[in-house]
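Participant: Before I ask anything, here is the structure I am working with.
The values are calculated or read from the model by the stated rules, or taken from the named source; none is laboratory data. Given the structure is predicted, the values throughout are model-derived calculations rather than measurements. Cβ placement follows ideal geometry from the backbone for every residue including glycine, while neighbour counts extend to all protein chains displayed.
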């Protein structure tokens, strides 16, 4: 039974028996005596690190305690201090030729931190291959330029996984030399002398300057190419947004004519919201593109721009303003969509199945809200009745329900290719809302004391109303309303290429507001208060006695 001692070598704990501990301590003291004060601390640290490495390998062989044989192996590998009493003695002594029993060290790959320029991978590879580090670096740079794109990720991976040669022992392993005490001393001295030499400083700085010049040229080429691409894309996007901005005021029918669902969505952003949305997009997208092009030109040109910093600050302010505007108008528009529309999916299937009629019971109502490409036929009758006509597969998807006195008619899916018709009979109606390319028609004259109609999203209405009181009409998103009948007074607001055709709808007083290329035609014989903007047109028949009109932005008001 032997006593064991716990020791700490290079921050690694080992269990060693008493005899081996005495032998190792005696060896380290003898080595330390043969070292000068200047080199003692660094050399002893490297020696202890090497001993810890060998001990760790020894313990992997199903051992848990370091014994005398392990220490003897350490002394054989590192060499005895008596073999290198001092440098003067070593110079006068003849070295014994290596025997077959001596172990030769194989090379290990490390990152060379002493000769590192960019991580030390190239320097470590040069030491591992016994090549000149300059040629290795040139070869790596050349591989990058000739298109071997995998060189960069491989280099980065090697930088991450390869250990750095921080000790003299690791540098010796990197060069394939035996890790002995004498070699460790020699390596430490060689590294110190080389790093402090003018040769090292000159070689490292010259290569750094050359690589920096190559990098500058590469950056200029890449920035110029990216600037050209982004400039072209940015100009195209800017032109499209400018066209949309102009169309918002003068040709909104062009935008909303692509599809009914687009028209319904766009109608929630008409007027100021739509303009602010486009302007904010121009700022958010256009400002960074402009700044990239600006700095690309500044980088490539020999004469630098005088106000580059000021331009960057102003661009940043405009970009932040665009983000704020975009956030504000988007939040408001999404609120409008959430409160005014239904969630739907588009169904493009076609069917040859005939329509099936289904009579449904509904509660009492005085308003109708129809959406999603559904046609409603409205009849005045003392008996309330509702009948849905559609192909059998989609009949269940047509929803009809009364909420707070309003009959809501809509679909779970927006179906473009299905004929859907809803016939409604009721004795009185005060309000009609139509959106999403829906249609409302009346079979005969519908009489009432007041009337309010709102159309949006390319909806259409062709109706005949006899109203004893006042009527209000609100049209947007390329909607169309054709009216016959009469009303005491009318208020009409039309925007976004909408059309109000009411020259056969007789009234005494008319208050009209047209914007965004809208058209309004009315008949009023007593008073007219009309305002037109954004290329809109207003026509009034009936020769009203009191006329007030305001024309702006290429609009016209014609009174007959």
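Participant: With respect to residue 504, determine if the residue is in a strand (DSSP E or B), surrounded by fewer than 22 Cβ atoms within 10 Å (Cβ to Cβ) and touching a residue at least 40 places away in the same chain (Cβ under 8 Å).
Facilitator: The answer is no for residue 504.
Participant: Taking the criterion of being assigned by TED's automatic domain parsing to the domain that holds residue 68, under 60 Å from the mean Cα position of the chain (by Cα) and surrounded by 14 or more Cβ atoms within 10 Å (Cβ to Cβ), would at least one residue in region 21-40 satisfy it?
Facilitator: Yes, the conditions are met somewhere in region 21-40.
Participant: Right, another one. Residues being surrounded by 13 or more Cβ atoms within 10 Å (Cβ to Cβ) and more than 15 Å from residue 67 (Cβ to Cβ): count how many of those fall in region 6-20.
Facilitator: Final tally of qualifying residues: 3.
Participant: Still on this structure, please answer the following. In this structure, is residue 485 surrounded by 18 or more Cβ atoms within 10 Å (Cβ to Cβ), over 49 Å from the mean Cα position of the chain (by Cα) and assigned by TED's automatic domain parsing to the domain that holds residue 410?
Facilitator: Against the criterion (surrounded by 18 or more Cβ atoms within 10 Å (Cβ to Cβ), over 49 Å from the mean Cα position of the chain (by Cα) and assigned by TED's automatic domain parsing to the domain that holds residue 410), residue 485 qualifies.
Participant: Now a separate question. Quick test for you: out of 124, 149, pick the one residue that is more than 20 Å from residue 27 (Cβ to Cβ) and either modelled with pLDDT of 70 or more or assigned to a helix (DSSP H, G or I) (or both).
Facilitator: So the residue among 124, 149 that is more than 20 Å from residue 27 (Cβ to Cβ) and either modelled with pLDDT of 70 or more or assigned to a helix (DSSP H, G or I) (or both) is 124.
Participant: Restricted to region 401-416, and to residues that are farther than 15 Å from residue 376 by Cα and at pLDDT 90 or above, which residue is surrounded by the fewest Cβ atoms within 10 Å (Cβ to Cβ)?
Facilitator: 404
Participant: Filter region 136-146 down to the residues that are loosely packed, with under 12 Cβ neighbours inside 10 Å and part of a helix (DSSP H, G or I), then identify the one that is modelled with the lowest pLDDT.
Facilitator: 145
Conditions tested, residue by residue: (1) in contact (Cβ under 8 Å) with a residue 40 or more places away in the chain; (2) surrounded by fewer than 19 Cβ atoms within 10 Å (Cβ to Cβ).
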residue	(1), (2)
457	yes, no
470	no, yes
476	yes, no
499	no, no
508	no, yes
513	no, no
517	yes, no
527	no, yes
540	no, no
